[in-house]
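Q: Before we start, here is the structure in question, set down as structure tokens.
The values are calculated or read from the model by the stated rules, or taken from the named source; none is laboratory data. Here the structure is a predicted model, which means the values were calculated and not measured. Every residue, glycine as well, gets a Cβ built from its backbone with ideal geometry; the counts of neighbours run over all protein chains shown.
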């Protein structure tokens, strides 16, 4: 077990994205974590230990965004983008908000509390005395509960119901499960990010990046969604009542449905609503047939065919496709 004692809370510990260092160099894997006592461990050392299957003990309160994307071999950092095994994190105090955002494997053992919003995690019965245990939703749905039991909420063979009133983000991140996640309330940012299969139904509102990078799953929001929803979608369906800001930026596939007219970013554009679209909206948004027909559909705009003018010897003009 790798141990580190910190004299005050530090953000982004065990963050597999290194605070998105490919876009912003303010945090690098080689940076030494501040406020340590008698050690000089780097941010990269923590991630490397977890990737090797080792456990980690943080002898302090942890700051924001603990275990961000934990268990993912990130493409942005030269990996495969797939889920991999990870060790466990033991925290001897409390944890700040956004813990476990995008987390897909490993477990968190916490002596204190986790501040909302949580990430893609659920509390289960602990197998270590004195600690609360948390696992990722993606891990539970992919690999089962095993000997664990959900502390709250409920899971059947095909449906996970989240009704504990806690605000969570990145629910179902990278999930490849055929069932349905039903959220009885609002959700935070990134719902269904990179989800490949399955359905998430949100009975309230959703935050930013809802359905971003969606890759085959379905995300249905019975309320409104935040900025950048449907960004970089590859496949799947995203439905909601109204969007704040632009939707569909950089999307290459999939379909977006909105009851209110939405503002789009290229290449997203309004498309014709077909019979199967109407049936999808009617079933998933729980609307009548007439109301379903009034929804707006958006998908990547197909590149227009390009032609060149060719002047023939006889004086005629022919348009040839490039």
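This table checks each residue for (1) exposed (fewer than 15 other Cβ atoms within 10 Å of the Cβ); (2) touching a residue at least 40 places away in the same chain (Cβ under 8 Å); (3) assigned by TED's automatic domain parsing to the domain that holds residue 105; (4) within 16 Å of residue 95 (Cβ to Cβ).
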position	(1), (2), (3), (4)
4	no, yes, yes, yes
10	no, yes, yes, yes
14	no, yes, yes, yes
36	no, no, yes, no
41	no, no, yes, no
48	yes, no, yes, no
51	no, no, yes, no
56	no, yes, yes, yes
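Q: Moving to a separate point now. Could you tell me whether residue 190 is under 25 Å from residue 81 (Cβ atoms), touching a residue at least 60 places away in the same chain (Cβ under 8 Å) and crowded, with 18+ Cβ neighbours inside 10 Å?
A: Taking the combined requirement at face value, the residue satisfies it.
Q: Okay, moving on. Please count how many residues of region 193-202 are assigned to a loop (DSSP other than H, G, I, E, B) and surrounded by 20 or more Cβ atoms within 10 Å (Cβ to Cβ).
A: 3
Q: Taking the condition of being assigned to a strand (DSSP E or B) and in contact with a helix residue (DSSP H, G or I) (Cβ under 9 Å, 6 or more places away or on another chain), how many residues in region 115-132 meet it?
A: Residues meeting the conditions: 3.
Q: Sort through 99, 86 and tell me the only one that's at pLDDT 95 or above, in contact with a helix residue (DSSP H, G or I) (Cβ under 7 Å, 6 or more places away or on another chain) and not assigned by TED's automatic domain parsing to the domain that holds residue 213.
A: Answer to the check: 86.
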